[in-house]
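Trainee: For reference, the structure I am asking about is given below.
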Amino acid sequence: MPAEQDDALKGFDRTQPNEARLIDYLVGGKDNFAADREAAEEVLKIAPELPMMIREGRRFLGRTVRYLAGEGVRQYVDIGCGLPTRGSVHEVLEPIAPDSKVVYVDNDPVVFVHSNALIDTRGSNRVILADAREPDALLDHPALTALIDLRQPTAIVLHGLIASISEDDVAMMIVQRLVDRMAPGSYLLFSHAISDIRPAVTEDLARVFQEGHVIEGNRPNVRTRQEVLQFLDGLDLVPPGLVPLPAWRPDPGEPSTDPDTFWAVGAVARKPC
């Protein structure tokens, strides 16, 4: 194991559940520990639809990345990427825009090490260990700047990440700073759970995640759609705007999920020129 990856695992605590590994378990993965599995089983009792929602989230990611590739975007930074799964950003891009460059970012050392083992980082993909709470340090990481030129149009992917930042001021700072650093004509690919549809369920999930320190903070529930919309202020929303994930330009033949019952929304937003 390279020294950087070995250093990343020093002091790692496998008794502390982690959101990325919890999601890995929910979709049938094997890169998780007992603490992650126990936390996952607890949240499944509250929201048994979570595996379906994660699958819909991957479909949304695929559709939005294909849209961005069609718009000519060839640089992508996926922050809070989680463990590699089928349909990751670089896999979506390979057949349609093979000249694209992708940097994956996560603050979990297991994600960092495992992603480096599974993703070919010799060419146009990189995986870095960094924290979204320090957006400038993240964007100035030498492995990112060696591949991504932020002076050129870039897609910043925040697929579910901001819902994990319970402090509103910190969450807003992260989004605003990332957008500030993006070149005009760049895009923000954004998704977030909301409390409007099933408030009792999302309240219980927020409690379990926070009590288990999967998410830090003491927020009574996830944000409403209107609160989420504020993160996109000043950006031009690509139609159909901020909508339930299954309603964002669904592909013909995809499995049908009722958008009216889906408690996560997403959007693609462009920084004006």
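Trainee: For the range 84-107, what are the residues that are touching a residue at least 60 places away in the same chain (Cβ under 8 Å) and crowded, with 21+ Cβ neighbours inside 10 Å?
Mentor: Selection gives 89, 106.
Trainee: Looking at the range 207-226 only, could you name the residues that are of a type outside the set (Lys, Arg), at negative phi and in contact (Cβ under 8 Å) with a residue 40 or more places away in the chain? Quick ask: steps written out before the conclusion?
Mentor: At the first step, the residues of the range 207-226 found to be of a type outside the set (Lys, Arg) are 208-218, 220-222, 224, 226.
Then drop every residue that is not at negative phi, which leaves 208-212, 214-216, 218, 220-222, 224, 226.
The answer is 208, 209, 210, 212, 214, 215, 216, 218, 222.
Trainee: Could you say which residue among 71, 38, 91, 19 is acidic (Asp, Glu), modelled with pLDDT under 95 and within 23 Å of residue 154 (Cβ to Cβ)?
Mentor: 91
Trainee: For the range 207-259, enumerate the residues that are touching a Ser or Thr at 6+ places or on another chain (Cβ under 7 Å), under 27 Å from residue 272 (Cα atoms) and among the β-branched types (Val, Ile, Thr).
Mentor: The answer is 224, and nothing else.
Trainee: Looking at (1) surrounded by fewer than 20 Cβ atoms within 10 Å (Cβ to Cβ); (2) among the acidic types (Asp, Glu); (3) not in a helix (DSSP H, G or I), find the lone condition where residue 38 falls short.
Mentor: Single failed check for residue 38: (3).
Trainee: Pairs only if they're at least six apart or on different chains, beta carbon under 9 angstrom, first in the range 114-130 and more than 14 Å from residue 88 (Cα to Cα) and in contact (Cβ under 8 Å) with a residue 40 or more places away in the chain, second surrounded by 18 or more Cβ atoms within 10 Å (Cβ to Cβ) and among the small types (Gly, Ala, Ser); list them, first residue then second.
Mentor: So the pair list comes out as 129/8.
Trainee: For residue 55, indicate whether it is closer than 20 Å to residue 30 by Cα, surrounded by fewer than 18 Cβ atoms within 10 Å (Cβ to Cβ) and either in contact (Cβ under 8 Å) with a residue 24 or more places away in the chain or touching a Ser or Thr at 6+ places or on another chain (Cβ under 9 Å) (or both). Can you show your working first?
Mentor: Numbers: closer than 20 Å to residue 30 by Cα: yes; surrounded by fewer than 18 Cβ atoms within 10 Å (Cβ to Cβ): yes; either in contact (Cβ under 8 Å) with a residue 24 or more places away in the chain or touching a Ser or Thr at 6+ places or on another chain (Cβ under 9 Å) (or both): yes.
So residue 55 fits the description; yes.
The values are calculated or read from the model by the stated rules, or taken from the named source; none is laboratory data. The structure presented is a predicted model; accordingly, all values stated were derived computationally and were not measured. Virtual Cβ from ideal backbone geometry, glycine too; neighbours counted across all protein chains shown.
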